[in-house]
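Note sheet for the following structure.
The values are calculated or read from the model by the stated rules, or taken from the named source; none is laboratory data. Model, not experiment: these values are computed from the prediction. All Cβ positions, even for glycine, are placed from backbone atoms using ideal geometry, and neighbour counts span all protein chains on display. All accessible areas refer to the heavy atoms of the entire protein, side chains included, with ligands and DNA or RNA removed. Shrake-Rupley method; radii C 1.70, N 1.55, O 1.52, S 1.80 Å.
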Amino acid sequence: MADRYLHFTGTAPGRFLTRRLGLPQPASLLRWSPERPVLQGELLHLTAGLSAHTEALGALLPRTGLRVVPSAGAPAAVVLDATGVVTVDGLADVHAALQPVVRTVASGGRLLVLGSHLSPDDPEQAAVQEALGGFVRSLAKEIGRGRTAQLLRLAPGGLSGAESTLRFLLSPKSAYVSGQVVQLAHTTSELAGDIDWERPLAGRTALVTGAARGIGAAVAATLARDGAHVVCLDVPQVADDLERTAVRVGGAALPLDITAPDAAERIAATGPVDVLVHNAGITRDKKLANMTAENWSSVLDVNLGSVIRTTQSLVKAGVLGEGARIVATSSIAGIAGNAGQTNYAASKAGVAGLVRALAPGLAAYGITVNAVAPGFIETNMTASVPLMIREAGRRMNSLGQGGLPEDVAETTAWLAHPGSGAVTGQVVRVCGQSLLGA
Ligand code: NAD
């Protein structure tokens, strides 16, 4: 399971040899740790065009923990406020602002472009703001050295509801997220003043399905780190592993098959749920010509059917109340398609469709619903992939390596954050900007 190539390229002989042979040299990603909770260095705040948010952004950016400066030698992060760019000619300001600094951004640094919502009444503004998406996705492919680039589109209300997302995208927690476009929605529930940013989920209960191992176990640990009481759910066959996860995170174990007809009732019996993470998933890979009906329906039922049923039942029963967060698990296989995975890709595309379809209705209850779409993540699921395909999966992304379960967990924690009420209906890829489906 270990990425030996990444370890090798991190050594002096490995660096020398791979450079001489012209082989890829993926950078070691600087992930969150208690010792390194924020990026090390300065944040360069730039503006293209005339922005209405300069002052508010100037007040908000220091809250990321970085020192904000108007110019820097090797910034750890660059934020370009392009919300005021409304014409094709105005895009020249984007080039003018970033072209001189792009090379100077520190290894493992962040480039974040802020855009505004697309105006339905101004086609040029809408086109130009869409253009920023293509720009950022291309830049993310160019910059290398573990650096990432994203576009954050603000809601019509400007920066309101943006803080948790700014903090996430400008932190080590988003190390394996790159080339993403996140759209914020207008939110009336601006809670930022009340948030404990150290333990944002304190006093809240999270339920994580498929928590015995892999990504689910990492999600449980990360939500517990953020203060949540975590109910860990997995099939009874892995009850021992599940119990170990529950003990490790100081939570409770719920051995339960999520496809059971009474699954929602059994979850409801544990009490109110503030954060529901649909992580449980299975693969039964075969080309369609060889796929049995059983392999088809089991994957669709675990990965999609149970997600729809439990979500709807728990919302209806009021188990998920005002301010609740739902995070479901899609996959880049669902976005790009994958030979041998018609069942799996259908289920994961369905998850993306589900969160988009549910978001507007749930907004009325103050509930958000989003999906993470992992790329190649180092888990048991990917360890069983044949060697050559596994190696291709690891390298075929802008960061040149697989992600860790913690990368998906950090993204989930951002979506589960009480301050993330403006993030809903989004499908966020955690894939190092995989070339698949890009
Ligand atoms: P994993 O196989 O290591 O863990 C999945 C867990 O889900 C297991 O503990 C399993 O027992 C549990 N589970 C399966 N069926 C269940 C059911 N009916 N009820 C309750 N629990 C059940 O997988 P992982 O790699 O940690 O993946 C987690 C999620 O991320 C899955 O939804 C998967 O499709 C998705 N994903 C993973 C990757 C990757 O690269 N590993 C990529 C894209 C998406």
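Numbers below:
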item	result
Unmet requirement for A339, which otherwise passes all of (1) under 20 Å from I377 (Cβ atoms); (2) within 15 Å of the ligand (Cβ to nearest atom)	(2)
Pairs with Cβ under 7 Å, 6+ apart, first in the range 48-66 and in a strand (DSSP E or B), second among the aliphatic types (A, V, I, L, M) and open to solvent by less than 30 Å² (accessible area, probe 1.4 Å)	A48/L80; A48/A82; A48/V85; A48/V94; A48/A97; G49/A82; G49/V85
Output for the range 353-370, where each listed residue is among the small types (G, A, S) and crowded, with 19+ Cβ neighbours inside 10 Å	A359, A363
Residues located in the range 247-286, provided they are open to solvent by less than 20 Å² (accessible area, probe 1.4 Å), within 8 Å of the ligand (Cβ to nearest atom) and β-branched (V, I, T)	I258
Matching option when the condition is more than 12 Å from the ligand (Cβ to nearest atom) and either surrounded by fewer than 21 Cβ atoms within 10 Å (Cβ to Cβ) or within 29 Å of L276 (Cβ to Cβ) (or both), among L435, L399	L435
Verdict on V102 being surrounded by fewer than 19 Cβ atoms within 10 Å (Cβ to Cβ) and either touching a Lys or Arg at 6+ places or on another chain (Cβ under 6 Å) or within 22 Å of L29 (Cβ to Cβ) (or both)	yes
Helices (runs of 4 or more DSSP H) contained entirely in the range 187-293, each with at least 1 residues that are charged (D, E, K, R) and under 18 Å from the mean Cα position of the chain (by Cα)	214-225
Matching option when the condition is of a type in the set (A, V, I, L, M, F, W, C) and in contact (Cβ under 8 Å) with a residue 12 or more places away in the chain, among A97, A126	A97
Tally of residues being in a helix (DSSP H, G or I), open to solvent by 30 Å² or more (accessible area, probe 1.4 Å) and within 12 Å of the ligand (Cβ to nearest atom) across the range 376-388	3
Unique residue being free of Cβ contacts under 8 Å to residues at least 12 places away in the same chain and either open to solvent by 20 Å² or more (accessible area, probe 1.4 Å) or not in a loop (DSSP other than H, G, I, E, B) (or both) when the list is A392, A373, A413	A392
Residue match in the range 299-321 (condition: over 14 Å from G281 (Cβ atoms) and in contact with an Asp or Glu (Cβ under 6 Å, 6 or more places away or on another chain))	no
For T64: the one exception among (1) open to solvent by 50 Å² or more (accessible area, probe 1.4 Å); (2) under 22 Å from L154 (Cα atoms)	(1)
Selection count, the range 123-159, where residues are outside any helix (DSSP H, G or I) and out of contact with any helix residue (DSSP H, G or I) (no Cβ under 9 Å at 6 or more places or on another chain)	7
G393 vs. criteria modelled with pLDDT under 95, within 13 Å of the ligand (Cβ to nearest atom), within 16 Å of Q25 (Cα to Cα) and not acidic (D, E)	yes
Selection from the range 218-244 of residues that are in contact with a Gly (Cβ under 8 Å, 6 or more places away or on another chain) and within 15 Å of the ligand (Cβ to nearest atom)	A220, V230, V231, C232, L233, D234
Tally of residues being open to solvent by 70 Å² or more (accessible area, probe 1.4 Å) and out of contact with any helix residue (DSSP H, G or I) (no Cβ under 8 Å at 6 or more places or on another chain) across the range 28-58	6
Which numbered condition D122 misses (of (1) under 15 Å from L184 (Cβ atoms); (2) more than 22 Å from the chain's Cα centre (by Cα))	(1)
Of all residues in the range 287-301 being closer than 21 Å to G214 by Cα and out of contact with any helix residue (DSSP H, G or I) (no Cβ under 8 Å at 6 or more places or on another chain), the one that is least open to solvent (accessible area, probe 1.4 Å)	S298
Any hit, the range 310-324, residues being within 15 Å of the ligand (Cβ to nearest atom) and either open to solvent by 40 Å² or more (accessible area, probe 1.4 Å) or not β-branched (V, I, T) (or both)	no
The range 78-97, residues that are open to solvent by 10 Å² or more (accessible area, probe 1.4 Å) and either within 22 Å of H186 (Cα to Cα) or hydrophobic (A, V, I, L, M, F, W, C) (or both)	T83, G84, V86, V88, L91, A92, A96, A97
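Yes/no per residue for (1) within 16 Å of the ligand (Cβ to nearest atom); (2) part of a helix (DSSP H, G or I); (3) in contact with a Phe, Trp or Tyr (Cβ under 9 Å, 6 or more places away or on another chain):
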| residue | (1), (2), (3) |
| --- | --- |
| L354 | yes, yes, no |
| A357 | no, yes, no |
| P360 | no, yes, no |
| Y365 | no, no, no |
| A409 | yes, yes, no |
| A422 | no, no, no |
